[in-house]
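J.: Mind having a look at this structure? Questions to follow.
Each value in this text was obtained by applying a stated rule to the coordinates, not by laboratory testing. This one's a predicted model, so the numbers in the text were calculated from it and none came from an experiment. Please note: Cβ atoms are built from the backbone with ideal geometry, for glycine as well, and neighbour counts cover all protein chains shown.
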Amino acid sequence: MSFITRGFSGAGRERDPRLPPGQTLVADWPVLSAGPTPDVSTDDWSFSVRTETGLTTWTWDELLALGVEDVTVDIHCVTHWTKLDMDWRGVPLDAIFENIETSADYVMVHSHGGYTTNVALDDLLGGKAWIANEAEGEPLEPEHGGPARLLVPALYFWKSAKWVRGLVMMDDDEPGFWEQNGYHMHGDPWTEERYW
Ligand SMILES: Nc1nc2c(c(=O)[nH]1)N[C@H]1C(S)=C(S)[C@@H](COP(=O)(O)O)O[C@H]1N2
Ligand SMILES: [Mo]
């Protein structure tokens, strides 16, 4: 006797076109953290961008005053789960970079707890990334990166750094935490840029 029914295995059903290759849909929202959940309060929270000329810093209220957007996006984890139609709220990186002058093309994203990940600036601008403070209509839970995380839904979810605290501009692309451990420098789920 089979434990997989036709409906669940997908046989006889169209594959959702929003599902990238090698991915499987989940209904719940898994927690994936490389370390413990840091205790980050919005009172002393700040977000900063370091460029070749200096540091720009926002408090929690200052960052949100740049303007939040509501977006519905799909997220794709390199461990093969995809969650569709997630509702998020956050400050678009476009609003942050309106205040930043830089000629650097790459970004190292830094989080409380020491996590880092590298992203090309082009993948953060043009309505593609947010500093998210809410998900599914609620303040972001600490285990999901609260009070704020990076959200870059077009790339595998390890690029969406939880407990984000700042960006450092780089002239050359350098590997972050998972990238040093074999994950792809770019991480496009549609071309399965999982590992190198
Ligand atoms: N700071 C930090 N951000 C992180 C991680 C982490 O370990 N630390 N894990 C990454 C990975 S591999 C994934 S899949 C997602 C998981 O986010 P979630 O726990 O909210 O599902 O966060 C990413 N961002
Ligand atoms: Mo992941």
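J.: Determine which aspartates and glutamates satisfy two conditions relative to Lys83: a Cα distance under 13 Å, and not lying fewer than 8 residues away in the same chain.
T.: Asp16, Asp28, Asp74, Glu136
J.: Further, regarding this structure: Neighbour counts of other C-beta atoms within 10 Å: give me Trp196, Trp58 arranged from fewest to most.
T.: Ordered by Cβ neighbours within 10 Å, fewest first: Trp196, Trp58.
J.: Just want to confirm a number: the relative contact order over the chain, from Cα pairs under 8 angstrom separated by 6+ residues, in percent.
T.: 23 percent
J.: How many angstrom separate the Cα center of the stretch 20-48 from the Cα center of the stretch 112-178?
T.: That distance is 9 Å.
J.: For Trp163, Trp60, Trp88, which order do you get if you count the other beta carbons within 10 Å of each Cβ and list the fewest first?
T.: Ordered by Cβ neighbours within 10 Å, fewest first: Trp60, Trp88, Trp163.
J.: Moving on. Normalise the Cα radius of gyration of the stretch 46-184 by 2.2 N^0.38 Å (N = residues in it) and let me know the number.
T.: Taking the Cα Rg and dividing by 2.2 N^0.38 Å, one obtains 0.97.
J.: If each residue of separation counts as 0.36 nm, what is the full-extension length gain between Glu52 and Trp196 once their alpha-carbon separation is subtracted?
T.: Gain on stretching Glu52 to Trp196: 48.9 nm.
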